[in-house]
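Encoded as structure tokens, the structure appears first; notes follow it.
The values are calculated or read from the model by the stated rules, or taken from the named source; none is laboratory data. Since this is a predicted model, take the numbers as computed values, not measurements. Virtual Cβ from ideal backbone geometry, glycine too; neighbours counted across all protein chains shown.
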């Protein structure tokens, strides 16, 4: 009996050692393979802040970027930092829809920022603030947001709405994801997601005078994101018309996105 238990214990030890060895040769998860480009870097006193993204610039519309915040010993202070995104238009200031969380990636700690910039820098100056009362930090970092035309704005019932195209960067013949996010403005600082709408999508190829079959109107998934499908049955110029409804009531005028590929 003792020998049997000893054999089982040795077998379990061997399995454990094999598993550890296998993990050591494949330690990186897919999410850890992101290559980040530094967009803005700032050192102030004992602290360094680096604004990073997979892309080389931030754009009007949906973005995911990261902030690496460290002390002069290289230790992360991400959990102590409060982030806010602002646009300075001279006569007024406003924020934009965004969420933050602290994540571990590439063996480092980052503040992950999921943001929808509702306008490009041509209208003013975008900046973020980094604050910590306990560490006496109050920093501002300016950055540029380039224009894309991905954000459509309209007013309905005295409220501003922002519809952001979040797909079709590389359209192809056939079915494509058609994803938009919808936010409204409660105040200059608060832009909540709109989650209670239904949509209708229509396709048109103006040069040929026809549409396409099999399109799926976007439905709400989470946090104001609506996902559907559009079918490009050939290359060329296309017009995507999106109608928004709350119950039986049309919300604003139809949103139109155009592309040519």
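Could you list, in sequence order, all residues of the stretch 46-71 that are more than 22 Å from residue 144 (Cα to Cα) and either outside any strand (DSSP E or B) or touching a helix residue (DSSP H, G or I) at 6+ places or on another chain (Cβ under 8 Å) (or both)? Can you show your working first?
Filtering the stretch 46-71 for residues more than 22 Å from residue 144 (Cα to Cα) gives 46-47, 70-71.
Passing the criteria: only 46.
The residue list 253, 202, 158 contains one member that is surrounded by 15 or more Cβ atoms within 10 Å (Cβ to Cβ) and more than 23 Å from residue 114 (Cα to Cα), which is 202. Of all residues in the stretch 161-199, those that are within 26 Å of residue 260 (Cα to Cα) and either touching a helix residue (DSSP H, G or I) at 6+ places or on another chain (Cβ under 9 Å) or not in a strand (DSSP E or B) (or both) total 8.
Scoring residue 122 on the criteria (1) under 21 Å from residue 57 (Cβ atoms); (2) surrounded by 14 or more Cβ atoms within 10 Å (Cβ to Cβ); (3) not assigned by TED's automatic domain parsing to the domain that holds residue 237 leaves a single failure, condition (2).
From the list 61, 90, the one residue that fits, being touching a strand residue (DSSP E or B) at 6+ places or on another chain (Cβ under 6 Å) and on the phi > 0 side of the Ramachandran plot, is 61.
Give me the residue from the stretch 88-101 that is over 15 Å from the mean Cα position of the chain (by Cα) and without any contact (Cβ under 8 Å) to a residue 40 or more places away in the chain and, out of that set, surrounded by the fewest Cβ atoms within 10 Å (Cβ to Cβ). It would help to see each step written out before you state the result.
Filtering the stretch 88-101 for residues over 15 Å from the mean Cα position of the chain (by Cα) gives 88-95.
Filter once more, keeping what is without any contact (Cβ under 8 Å) to a residue 40 or more places away in the chain: 88-91.
Details: 88: 15, 89: 13, 90: 8, 91: 6.
In this case the residue turns out to be 91.
Quick check, is residue 74 closer than 30 Å to residue 228 by Cα, modelled with pLDDT of 95 or more and part of a loop (DSSP other than H, G, I, E, B)? Judged against the criteria, residue 74 is not a match. Here residue 186 clears all of (1) under 30 Å from residue 128 (Cα atoms); (2) crowded, with 17+ Cβ neighbours inside 10 Å except the condition numbered (2). For the stretch 200-220, a tally of residues being farther than 15 Å from residue 163 by Cα and either outside any loop (DSSP other than H, G, I, E, B) or in contact with a strand residue (DSSP E or B) (Cβ under 9 Å, 6 or more places away or on another chain) (or both) returns 14.
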